[in-house]
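Input: a single structure, listed below in structure tokens.
Values in this text are rule-based calculations from the coordinates and carry no lab data. It should be emphasised that the depicted structure is a prediction, and the values quoted were computed from it without experimental measurement. Cβ placement follows ideal geometry from the backbone for every residue including glycine, while neighbour counts extend to all protein chains displayed.
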Amino acid sequence: MRADFEPQENSTPSRRLTVRAKRLRVVASAATACVIAILAARSAQAQTYKVLHTFHGIRDGSTPEASMIQDGKGNLYGTTGAGGKGNFGTVFELSKTGRETLLSGFVSGKGISPFAGVIQDAEGNLYGTTDNGGSGGAGTVFKLSKTGHLTALYSFTGQADGGNPIGSGVIRDALGNLYGTTAYGGELGACKGGMGCGVVFRLSKTGKQTVLHTFCQSNCNDGALPLSGVIQDAKGNLYGTASWDGFFGWGTIFRLSKSGKETVLYSFKGANDGASPVAIILDAKGNIYGTTNQGGGSSECVYGCGTVFKLDTTGKETILHRFTGGADGASPYLAGVIQDAEGNLYGTTSEGGNTSCSKGCGVVFELSKACKESILYSFTGGSDGAYPLAGLIRDAGGNLYGTASSGGDLSCVGSFNIHGCGVIFKITP
């Protein structure tokens, strides 16, 4: 990661996001909370937690910070931000029987440090991004063929084309175009000492890059530092979040039309309504669900412990849950939520829960349609893992799969000087 995100020794994962030297404003929020059930988050005892794979560093990868995908046969695919040959990160496959295969490691010319996950096309090729490396030095969009050939489809320069897609993977349309965001680059006169505020881009099937939107080009009311990529609706509109700035300074949710017009759907105020939004999803009615890494009003975290929110099609925000920093969790990192057919939401927090880790080892939670939170698992920081930074996936049987960035093999020192190189886990209902 870039120096802006590099924590001090023994710092906790949420501090890697957008810690701002700025006091939370005490702002009366117009957001309407659900009937809050956060004072005593119940534990779902019927759940069964299982470690499917423990990472060991150079041999098979270290520090998985991204969510995974699953193919029709039940195989899982994902990335690690470090480990592998050169310690530059890996792409892995985990079979249905639990066998891990290292599909590729990274080298500087083709990109290093893949902190986002991968997607797969019908032929079995995988696509993703790296935070650094490439011929331009500011990250890449890569393709990993079914036969294991790694190609840098595009190398960012950190200039007008964008740079450093830190937590942003890509999505793919029916024509094979890829879409994503970069955290930096774009308008270099703005943000972070001239490094730029980020862009939304399209990459054609032939490798031609087009910048669809540049943040902070005229002012920063549209937001800055888009960390979590974009999603697309049936009409081709793109939706995403910017984790900084906006009208109140604490991030935005935006829509980018097929013609390239950007609309700010919501600007966060930084207090009760949340701050620093990360990944989002759309339901069939067009409602947006997501998490914020900070805000929410809890005094247990310096800038608030984060929220789960809903934004309806009229632009009204509803807070579904405010994390307290206790047993219910704290600070969703780049993890949004997923939703089942009944409307229940599932996600992770990077902190809170079991206090054997500083500020807690993180939790997996379920939030019912009635806004009642259940803790499906609370990490201990041992062989079960710690600090789940990524979101979850769910199969047809209701099983949840995810990664914890640390813990596992405690003899393996992962990134950020934290013991353990991480695990892949499964939670069975």
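Things worth noting here:
- Counting 0.36 nm for each residue step from SER108 to ASP312 and taking away their Cα separation leaves a gain of 69.2 nm.
- Debye intensity ratio I(q)/I(0), log10, the chain, q values 0.07, 0.10 Å⁻¹ (C-alpha model): -0.28, -0.60
- Estimated FRET transfer efficiency (THR428, ASN219; beta-carbon r; R0 35 Å; 0.05): 0.10
- Those GluC sites (Glu not before Pro) in region 336-429 that DSSP places in a loop and that have at most 12 other beta carbons within 10 Å: GLU342
- Our note on the geometry: Cα centres of region 159-176 and region 258-277, 20 Å apart.
- Judged by the mean number of other Cβ atoms found within 10 Å, the most tightly packed of the peptides 255-267, 79-91 leads the ranking 79-91, 255-267.
- Within region 173-249, trypsin sites (Lys or Arg not before Pro) in DSSP loop having at most 10 other beta-carbon neighbours inside 10 Å: LYS208, LYS235
- Given their separation in residues at 0.36 nm each and the Cα-Cα distance between them, SER358 and THR210 gain 49.0 nm when the chain is fully extended.
- Förster radius 22 Å - calculated FRET efficiency between GLU300 and SER383, Cβ distance, rounded to 0.05: 0.20
- Computed from the Cβ-Cβ distance with R0 of 25 Å, the FRET efficiency linking THR151 to ARG99 stands at 0.45.
- Packing rank of 101-111, 320-330, where each peptide gets the mean count of other beta carbons within 10 Å, highest leading: 320-330, 101-111
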